[in-house]
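I have placed the structure first, in the form of structure tokens, so that the comments after it can refer back to it.
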Amino acid sequence: MTPDLLRGELRGAEPMARHTSWRVGGPADRFYRPADLDDLVEFLSSLAPDEPVFWLGLGSNLLVRDGGLEGTVISTQSALTGITRCEGGLVEVESGVSCAKLARRCSRWGLAEADFFAGIPGTTGGALAMNAGAFGGETWRHVVAIRVVNRSGVMRWREPREYRVGYRTVISPQKDEWFVAARFEFPVARPDETSEIKTLLAKRSATQPLGVPSCGSVFRNPAGDHAARLIEACGLKGLRIGGAEVSAKHANFIVNLGGATAADIEALIRRIQNAVRSQFDIDLEPEVRIVGRSE
């Protein structure tokens with residue numbers, strides 16, 4: 001499947017529990033970590049047209065079922081890591097760059113309004129795919145251009161107006177086309193304007209269970225309300241199924257106490273949805289992406 005000139009790392013039956021922040025998930029049929037963008041293009045063009053492809057960043061907004069994933073997982077985390085300041089407040093970032101690194105680099109360059117990225121526990125590719133946000137900021141408010149690649153390995157730049165973007169939702173104009181880079185624009189900070197990254201991270205640490213495996217927020221906030229408030233009002237904090245628990249610190253987090261399976265977490269997600277629907281007649285929509293085969 002891979003020509004000799006590929007320079008990346010290909011593994012078979014790779015346990016996804018090694019690559020997700022929940023530390024659960026069965027094996028991927030194939031797992032490829034490209035050497036760089038050129039190698040990624042070559043790899044994509046080598047795949048069969050019907051090969052299922054799944055893109056992976058930090059695995060922080062992802063639940064892989066215990067039966068694993070069919071097809072090929074492409075990991076961008078240690079491959080697409082370029083980040084460059086262009087003129088003014090423009091920054092070009094490859095999709096494997098962590099959001100935290102983007103925030104720190106913009107702070108060092110004296111650019112404002114990027115601090116919120118420090119609160120997103122994923123890569124910029126994942127942030128682009130779901131319009132991730134934190135502390136009142138959202139990814140696509142700052143996007144000015146997007147570089148994508150298709151199944152044939154052909155790359156092109158697109159404009160933000162070509163996408164339908166909403167709360168934690170991004171709809172692409174083309175199927176089987178994936179983000180590999182983006183250009184963001186941030187205002188240049190005033191001389192008296194200081195970074196709030198440390199303050200925001202301290203707030204995050206005080207309100208979220210950061211010391212145990214989780215995926216971040218499990219559910220999207222319904223219009224005019226907060227998922228955490230609804231879950232807590234149902235008395236679900238501390239509820240456990242197997243090794244998975246609704247966090248006592250933040251009700252919109254499910255944590256792996258040790259030995260949890262993906263099935264435990266998915267069952268807890270359904271239990272929460274049923275309770276909130278029964279008490280408030282509200283359907284909580286998962287923010288986390290649930291993929292793969294049941295065992």
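The values are calculated or read from the model by the stated rules, or taken from the named source; none is laboratory data. These numbers were taken from a predicted model, which means no experiment stands behind them. Here the Cβ positions follow ideal geometry from the backbone for every residue, glycine too, while neighbour counts run over all protein chains shown. The protein model used for the area step is the full one, side chains on, heavy atoms only, and it has no ligands, DNA or RNA in it. Shrake-Rupley method; radii C 1.70, N 1.55, O 1.52, S 1.80 Å.
Once a ≥ b ≥ c are taken as the square roots of the eigenvalues of the Cα gyration tensor of the chain, is the result rounded (a/c under 1.5), prolate (a/b larger than b/c) or oblate (a/b not larger than b/c)? Because a/c hits 1.5 or more and a/b fails to exceed b/c, the chain counts as oblate. Our Cα-only numbers for the range 230-270 put the radius of gyration and Dmax at 9.3, 28 Å.
The slack between ALA248 and THR84, meaning 0.36 nm per residue of separation minus the straight C-alpha distance, is 55.0 nm.
Of the listed residues SER21, SER152, the order by accessible area with a 1.4 Å probe, largest first, is SER152, SER21.
Can you give me the relative contact order of the range 210-295 as a percent, contacts being Cα pairs under 8 Å and 6 or more apart? Once divided by the residue count of the range 210-295, the mean separation gives 33 percent. For the range 171-256, the gyration tensor built on C-alpha atoms gives an oblate shape. Its axis ratio a/c (a ≥ b ≥ c) is at least 1.5, and a/b is not larger than b/c. Any chance you could check the Cα centroid distance between the range 136-208 and the range 38-70 for me, in angstrom? Value for the Cα centre distance between the two parts: 21 Å.
Overall, the chain carries a charge dipole of about 700 debye about its Cα centre when +1 sits on the Cβ of Lys and Arg and -1 on the Cβ of Asp and Glu, all other atoms neutral. The helix-based estimate of mean residue ellipticity at 222 nm for the chain, built from -39,500 (n - 2.57) per DSSP H run of four or more residues and divided by its residue count, is -6500 deg cm²/dmol to the nearest 500.
So if we plug the beta-carbon distance of ARG240 and ARG289 into 1/(1 + (r/R0)^6) with R0 = 25 Å, what FRET efficiency do we get, rounded to 0.05? Kindly include the intermediate steps, with their values, before the conclusion.
On the way: r = 23 Å, r/R0 = 0.93.
Computed FRET efficiency for ARG240 and ARG289: 0.60.
For the chain, give the percent of accessible area contributed by carbon and sulfur heavy atoms, probe 1.4 Å, rounded to a whole number. Show your work: numbers first, answer last.
On the way: 6290 of 13630 Å².
Exposed carbon and sulfur together represent 46 percent of the surface.
Computed extension gain for ARG11 through ALA267, at 0.36 nm per residue and net of the alpha carbon distance, reaches 89.2 nm. Entry note, the range 174-259: relative contact order of 27 percent, from Cα contacts under 8 Å with a spacing of 6+ residues.
When each of the peptides 88-100, 200-212, 175-187 is scored by the mean number of other C-beta atoms lying within 10 Å of its residues, the order from highest to lowest reads 88-100, 175-187, 200-212. Classify the range 165-219 as rounded, prolate or oblate from the Cα gyration tensor: take a ≥ b ≥ c as the square roots of its eigenvalues, call it rounded if a/c is under 1.5, otherwise prolate when a/b beats b/c and oblate if not. In terms of gyration-tensor shape, oblate. Look at the alpha carbon pairs under 8 Å that are at least 6 residues apart: their mean separation over the length of the range 46-195 gives a relative contact order of 23 percent. Projected label points at ILE282 and VAL212, each 7 Å from Cα along the beta carbon direction, are separated by 2.4 nanometres. For the pair ASN150 and THR194, label points projected 7 Å from Cα toward Cβ lie 5.1 nm apart.
Candidates PHE186, GLY166, ALA112 compared by Cα position along the dipole of the chain: farthest toward the positive end lies ALA112, with charges placed on Cβ. Residues of the range 86-126 with an amide N closer than 12 Å to a point placed 7 Å from the Cα of ARG141 along the Cα-to-Cβ direction: 113-117. For the range 66-221, the dipole from Cβ point charges (+1 on Lys and Arg, -1 on Asp and Glu) about the Cα centre works out to 60 debye, to the nearest 20. Net charge of the neighbourhood of PHE135, taken over other residues with C-beta under 12 Å away and scored Lys/Arg +1, Asp/Glu -1, is -2. Structural size metrics of the range 1-93, computed from C-alpha coordinates, are Rg and Dmax of 14.7, 48 Å.
Accessible surface area normalised per residue over the chain is 46 Å², counting heavy atoms of protein chains with a 1.4 Å rolling probe.
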